[in-house]
Amino acid sequence: MSDSGWHSANGKVILFGEHAVVYGVKAIAGGVADAVTVRAQCSSGNSSVSIPAWDLAFSIDGTSEDLLQRSFAHLITALDLKGASFHLDVKATVPPASGLGASAALAVASTRALAACYNIDMNDGQINAVAFASEQIAHSTPSGIDNTLATYGGLLSYCRREREDARFSSLAHAPAIPLVVGFTGRKGYTAETVARVRAARALEPVKYAQLFAEIARIVDAAEEAIAVGDFARLAVLMDENQRALKEIGVSCDEIEQVVHLAKQAGAFGAKLTGSGDGGAVIIYAADRAEAVHERLNKHGFKTMDVLLGAA
Ligand code: PMV
């Protein structure tokens, strides 16, 4: 039986600029190393996937409307593996549907494992393209940041413009950023929050233009702070970005509570990451990280440590 060995891919955290990035403001994001790791083995019968960390196990039958199934069906077609039979074992350190790029990491790690199992020669550019198409199935109009960071990792700034592909620039030589991630336990829906912001902006264009300009200023300042490893400044900018996101209308009680508890435990800066209205909060706590974990866990919020941009 042929076995691919274990192949991994990065998750992602948007550090600054979410929502504003939809309107042309630059955003900054980083990879979370080894978020998803996959081993492929040739088998007989239906191809199957098991992801114990997400309580998931399923066969890929090619006809299901389930988004994850359709993404895998796409991978099979893209890798020309129709008719092949395999089993994928998946380990995941990030939860699904929490804004940490789990689905793109799954697509990239699965593609790497399948390519190794079936001796298909693929470079990172090709793997990234397959994962982007798979993300289009799962998220309809993804920016491409999730699959890009899943494939390459690191810290990036990126710009989206309507009807154009996003442009990515590596923040080369930037030091990795240690963060605590606090999970609100509430699922955020990206398409819905983006639509809500669009409607609110149409009603109050001046207010939203000012908020996006404020976020653009924060992103520029953050890029400078990252370049010199000034994490104390970064923490202040995280708080400022969170205040702007709250005014935009994408925070929620759970996010505010996680931010508040983290601050009570001594954190220096905290903000939502991704689309908001649930999902995850990122926290810069330096040597106070243990106290932040404890306080959040005591109030029922799950947490994890990430070293952003390390891979
Ligand atoms: O939560 P995520 O990973 O889906 O991030 C959404 C980021 C937004 O700026 C809100 C939308 C986008 O497409 O950039």
### Task
Name the residue, out of 218, 255, 248, that is β-branched (Val, Ile, Thr) and more than 13 Å from the ligand (Cβ to nearest atom).
218
### Message
Given the condition open to solvent by 20 Å² or more (accessible area, probe 1.4 Å) and over 18 Å from residue 4 (Cα atoms), answer yes or no: does some residue in segment 98-110 qualify?
### Response
yes
### Message
All but one of (1) among the aliphatic types (A, V, I, L, M); (2) within 14 Å of the ligand (Cβ to nearest atom); (3) buried (at least 21 other Cβ atoms within 10 Å of the Cβ) hold for residue 179; state the number of the condition that does not hold.
### Response
(2)
### Task
Return the pairs, sorted by first residue and then second, in which the second residue is within 16 Å of the ligand (Cβ to nearest atom) and not in a loop (DSSP other than H, G, I, E, B), the first residue lies in segment 187-215 and is within 14 Å of residue 274 (Cβ to Cβ), the beta carbons are less than 8 Å apart, and the residues are 6+ apart or on different chains.
190/139; 191/139; 194/22; 197/22; 197/208; 197/248
### Message
Could you check segment 42-72 and list, in sequence order, the residues that are in contact with a strand residue (DSSP E or B) (Cβ under 6 Å, 6 or more places away or on another chain), assigned to a strand (DSSP E or B) and open to solvent by 40 Å² or more (accessible area, probe 1.4 Å)?
### Response
57, 59
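Just the residues that are surrounded by fewer than 17 Cβ atoms within 10 Å (Cβ to Cβ) and either farther than 30 Å from residue 173 by Cβ or not small (Gly, Ala, Ser) (or both), please, taken from segment 197-213.
Here is the first cut: in segment 197-213, the residues surrounded by fewer than 17 Cβ atoms within 10 Å (Cβ to Cβ) are 198-200, 202-207, 209-210, 213.
Of everything in segment 197-213, those that are surrounded by fewer than 17 Cβ atoms within 10 Å (Cβ to Cβ) and either farther than 30 Å from residue 173 by Cβ or not small (Gly, Ala, Ser) (or both) turn out to be 198, 199, 200, 202, 203, 204, 205, 206, 207, 209, 210.
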### Query
Do we find that residue 188 is within 18 Å of the chain's Cα centre (by Cα), open to solvent by 10 Å² or more (accessible area, probe 1.4 Å), within 16 Å of the ligand (Cβ to nearest atom) and over 24 Å from residue 289 (Cα atoms) in this structure?
yes
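The values are calculated or read from the model by the stated rules, or taken from the named source; none is laboratory data. Keep in mind the model is a prediction, meaning the values are calculated, not measured. Note that each Cβ is placed from the backbone with ideal geometry, even for glycine, and that neighbours are counted across all protein chains shown. Heads up: the accessible areas ignore ligands, DNA and RNA and are worked out on the full protein's heavy atoms, side chains in. Shrake-Rupley method; radii C 1.70, N 1.55, O 1.52, S 1.80 Å.
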